[in-house]
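Okay, structure first, notes after.
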Amino acid sequence: MYDRYQGLIFDMDGTILDTEPTHRKAWHQVLGRYGMAFDEAAMVALNGSPSWRIAEAIITAHQADLDPHHLAAEKTRAVEAMLLDTVRPLPLIEVVKSYHGRRPMAVGTGSEHRMAEALLRHLGLYQCFDAIVGADDVQRHKPEPDTFLRCAELIGVPPEHCVVFEDADFGIQAARSANMAVVDVRTL
């Protein structure tokens with residue numbers, strides 16, 4: 001189905017791995033320490049963003065005096081403590097398996113590189129990908145195109161010959177800005 005593309009790029013959280021419930025649980029746990037909560041719709045709108053950007057939005061909404069990077073680090077520690085026990089692949093992983101060895105593939109995620117690598121290794125999927133680009137690998141994050149452009153560069157495929165699989169508006173915007181085809185997995 002995707003044979004016309006030379007390179008396949010996958011978002012990770014919510015696209016190939018079912019990590020969203022664990023991320024939300026970690027946010028609830030950490031924010032509860034500060035008497036804060038998050039608006040579910042606002043959180044969904046920020047899907048694909050690095051944790052510090054989400055923390056920044058939550059802090060702003062609560063008019064709290066906290067460092068977003070510190071809050072994001074707390075959330076990352078909380079999610080790491082529970083994620084390896086709860087993560088499961090999503091159905092789109094079948095596309096990954098079917099194109100493994102046939103097309104260069106990359107993961108472009110708003111998660112930290114080391115976390116993405118740990119999750120993919122844990123599930124035995126790491127070897128399917130030729131490159132991983134995490135939030136800490138680029139300066140500008142989704143909705144900017146940098147994550148996906150770096151993926152294309154690392155797999156050696158021009159952006160216009162890549163397809164991105166995404167589940168978030170910011171990621172879809174990033175793929176389009178990178179001049180890549182995009183599949184909104186929410187509509188599959």
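The values are calculated or read from the model by the stated rules, or taken from the named source; none is laboratory data. As the structure is a computational prediction, the values presented were derived from the model and not from experiment. All Cβ positions, glycine included, derive from the backbone under ideal geometry; neighbour counts span all protein chains shown.
Below, the figures for the structure above:
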| quantity | calculated |
| --- | --- |
| Unique residue being in a loop (DSSP other than H, G, I, E, B) and of a type in the set (Gly, Ala, Ser) when the list is Ala64, Ala73, Ala41 | Ala64 |
| All positions within region 40-93 that are closer than 20 Å to Gly171 by Cβ, more than 17 Å from the chain's Cα centre (by Cα) and not aliphatic (A, V, I, L, M) | Glu40, Glu56 |
| Hey, Glu117 within 25 Å of Ile172 (Cα to Cα), acidic (Asp, Glu) and under 19 Å from the mean Cα position of the chain (by Cα) or not | yes |
| Among the candidates Thr109, Thr86, Thr147, residue that is among the polar types (S, T, N, Q) and touching a His at 6+ places or on another chain (Cβ under 7 Å) | Thr147 |
| Per-region count, region 171-181, residues in contact with a helix residue (DSSP H, G or I) (Cβ under 9 Å, 6 or more places away or on another chain), of a type outside the set (S, T, N, Q) and within 11 Å of Pro145 (Cβ to Cβ) | 5 |
| Single unsatisfied condition, Ala135 versus (1) among the aliphatic types (A, V, I, L, M); (2) closer than 16 Å to Glu166 by Cα; (3) in contact with a Ser or Thr (Cβ under 8 Å, 6 or more places away or on another chain); (4) modelled with pLDDT of 95 or more | (4) |
| Filtered residues of region 67-81 (kept if charged (D, E, K, R) and either within 30 Å of Pro158 (Cβ to Cβ) or touching a residue at least 40 places away in the same chain (Cβ under 8 Å) (or both)) | Glu74, Lys75 |
